[in-house]
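*Asks:* One structure coming up, written as structure tokens, with questions to follow.
The values are calculated or read from the model by the stated rules, or taken from the named source; none is laboratory data. Here the structure is a predicted model, which is why all the values come from computation and not from measurement. Counting neighbours? That spans all protein chains shown, and the Cβs are built from the backbone with ideal geometry, glycine included.
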Amino acid sequence: MFRAAALLSFTLLAVVSAQQVGTQTAENHPTLSWQTCTASGSCATQSSGSVVLDANWRWLHTTTGYTNCYTGNEWDASICPDPVTCAENCALDGADYSGTYGISTSGDALTLDFVTTGANTNVGSRVYLMADASNYQMFKLLNQEFTFDVDLSNLPCGLNGALYFSEMDADGGLSKYPNNKAGAKYGTGYCDSQCPRDLKFINGAANVDGWTADSNSANSGTGMYGSCCNEMDVWEANSISSAFTPHPCSVAGQTECSGTTCGGTAGRYVGVCDPDGCDFNSFRMGDQTFYGNGMTVDTSSKFTVITQFLTSDNTTTGTLSEIRRLYVQNGKVIQNSAVNIAGIDPVNSITDNYCTEQKTVFGDTNSFANQGGLTAMGQAFAQGMVLVMSVWDDYAANMLWLDSDYPTTASPSTPGVARGTCATTSGVPATVESVSASASVTFSNIKFGPIGSTFSSTGSTTTTASGTATSTASAPAATQTKYGQCGGIGWTGATACASGSTCTVSNSYYSQFRQSTPLSLGSCGPPSPSRPHRRTVPQSTSPTPLWEPARWRRPVNDNFVGEGIAFSDSGCGTDRMD
């Protein structure tokens with residue numbers, strides 16, 4: 001994924017990250033409530049939640065005054081002659097979230113404005129969910145699902161409203177590195193699978209060694225070191241295209257890199273992380289009518305995104321085997337689109353097998369498998385991940401890898417090249433920041449819990465068939481496909497499925513045919529309302545991997561969000577090939 005760091009163009013002050021704490025502006029985290037859910041379907045509001053701005057966006061100045069340690073895209077060598085001295089001399093200050101950075105919250109909703117103009121101009125932002133004033137909220141995703149609402153109707157070509165997980169330290173590295181006095185309270189400790197080298201501070205030390213200012217950005221550059229970790233891109237999207245993508249690494253936790261271990265310009269696939277990931281972009285995978293304005297998932301209005309992280313034994317200690325995607329809009333559950341690419345099984349979820357097939361057909365390097373695939377991703381889930389939300393534009397590839405034809409030198413008819421309907425001339429940051437300055441994204445109603453616990457519907461389900469337009473399945477065939485709907489309040493469709501599947505309850509409104517689960521609810525019929533609604537997770541067969549094109553995804557700024565992951569739920573019984 002290209003996680004491009006957002007640009008802050010300050011007239012007087014520089015935008016950077018720091019490790020000491022300044023006193024010029026008080027740091028007050030905007031509150032953001034969210035919910036944890038149980039297998040019974042009850043959800044409890046976490047009212048103590050809040051968000052914190054990433055350290056790389058903050059004003060960095062001397063500890064004794066107002067002198068910038070970093071101005072434009074250059075360090076002040078008199079203050080920062082070396083990494084340790086710089087960390088001792090420089091302080092990172094509090095943030096005016098709404099006034100300077102365009103970050104606002106209301107109840108369970110977070111809105112990120114793309115461009116904020118005041119005394120200075122800020123472009124983009126990146127925030128983390130907090131557990132308390134000094135620690136990030138940690139999520140352990142194995143055999144769980146993560147759900148949120150998103151409104152990106154005001155997010156056009158060239159922009160990315162992203163929600164993802166990174167394997168950062170809960171305290172932002174405060175306890176590990178003596179020179180880091182700021183910690184999670186000030187948004188320190190960022191890392192991702194691109195091993196970004198544009199971070200001003202890594203492991204409590206300034207990234208001044210070998211610092212080179214960017215030629216196409218007045219605010220950023222790259223240092224000798226990068227910060228690597230496992231990354232799960234749950235959502236990278238605008239109103240035209242979307243993707244979800246796991247990015248495994250061969251290292252555990254936040255890890256500093258240098259030289260070739262960072263990958264990137266030193267060699268894209270020689271680093272310790274998978275830069276491409278295994279993505280699921282519906283448009284790229286052959287369904288060009290599924291996602292967008294007026295389509296099955298209609299981006300002109302708010303909708304719900306559900307991502308399920310299934311394990312091989314349906315437990316929270318098992319091996320990650322599949323990542324699935326569902327949507328809910330206007331009270332209807334929408335199954336993810338199925339693959340419609342020759343040579344790739346017509347699945348709608350991410351497994352190791354899917355990723356292998358995708359990368360083979362698209363001719364991409366399978367760095368996903370080389371870095372451990374879903375097994376490695378699941379090991380990071382077991383340790384805990386930090387939730388990241390951002391809005392950004394792309395100085396490296398103009399976001400074409402998400403919403404246009406990429407690479408631009410390839411024919412759009414070549415499998416894997418077309419990712420969306422945006423023009424190949426779109427996404428130029430200077431143009432986007434001018435023409436789309438009023439763009440924004442809103443994330444809300446975040447929920448986390450066991451599979452099937454975080455969402456409901458009015459009972460209707462929209463399904464998609466490989467290579468065909470979508471339709472509302474109010475009266476499907478008598479025999480439903482595996483992972484199709486089989487029951488729930490208001491359901492009038494199929495209640496029988498092919499051999500090898502059973503009907504299991506996700507919630508009162510939605511029951512689903514699954515392959516082999518611990519709890520059988522009868523001979524493929526919907527469960528009786530009097531039966532206890534025990535949630536069981538389908539056990540996937542061989543995982544189907546999804547890969548993403550080998551694109552250089554992160555502009556030398558620091559706000560990149562991964563590609564995409566999708567899950568497969570079209571197929572029931574012996575016809576499923578994932």
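*Asks:* Within the range 350-357, can one find any residue that is surrounded by fewer than 23 Cβ atoms within 10 Å (Cβ to Cβ), assigned to a helix (DSSP H, G or I) and within 18 Å of the chain's Cα centre (by Cα)?
*Replies:* Looking through the range 350-357, none of the residues is surrounded by fewer than 23 Cβ atoms within 10 Å (Cβ to Cβ), assigned to a helix (DSSP H, G or I) and within 18 Å of the chain's Cα centre (by Cα).
*Asks:* Within the group Tyr186, Tyr97, Tyr128, which residue is touching a helix residue (DSSP H, G or I) at 6+ places or on another chain (Cβ under 7 Å), of a type outside the set (Val, Ile, Thr) and modelled with pLDDT of 95 or more?
*Replies:* Just a single option satisfies the conditions, and that option is Tyr186.
*Asks:* Here is a list of conditions, (1) surrounded by fewer than 23 Cβ atoms within 10 Å (Cβ to Cβ); (2) touching a Pro at 6+ places or on another chain (Cβ under 6 Å), and Thr315 meets all of them except one; can you say which number that is?
*Replies:* Result: Thr315 fails condition (2) only.
*Asks:* For Glu74, indicate whether it is surrounded by fewer than 21 Cβ atoms within 10 Å (Cβ to Cβ) and at pLDDT below 95.
*Replies:* In short, no.
*Asks:* Residues that are of a type in the set (Ser, Thr, Tyr) and free of Cβ contacts under 8 Å to residues at least 60 places away in the same chain, at least 1 per element: which strands (runs of 3 or more DSSP E) completely within the range 174-274 meet that? Talk me through it step by step, then tell me what you get.
*Replies:* Working: elements: 225-228, 231-237, 242-247, 255-258.
Once the strands (runs of 3 or more DSSP E) in the range 174-274 are filtered for at least 1 residues that are of a type in the set (Ser, Thr, Tyr) and free of Cβ contacts under 8 Å to residues at least 60 places away in the same chain, what remains is 225-228, 255-258.
*Asks:* Can you tell me which residue among Ala243, Ala182, Ala162 is surrounded by 24 or more Cβ atoms within 10 Å (Cβ to Cβ), of a type in the set (A, V, I, L, M), more than 23 Å from Thr365 (Cβ to Cβ) and within 14 Å of the chain's Cα centre (by Cα)?
*Replies:* Answer to the selection: Ala162.
*Asks:* With respect to Asp345, determine if the residue is part of a loop (DSSP other than H, G, I, E, B), closer than 19 Å to Asp279 by Cα and modelled with pLDDT of 95 or more.
*Replies:* yes
*Asks:* Can you find, within the range 125-146, the residue that is surrounded by the fewest Cβ atoms within 10 Å (Cβ to Cβ) among those that are out of contact with any Asp or Glu (no Cβ under 6 Å at 6 or more places or on another chain), part of a strand (DSSP E or B) and of a type in the set (D, E, K, R)?
*Replies:* Result: Asp132.
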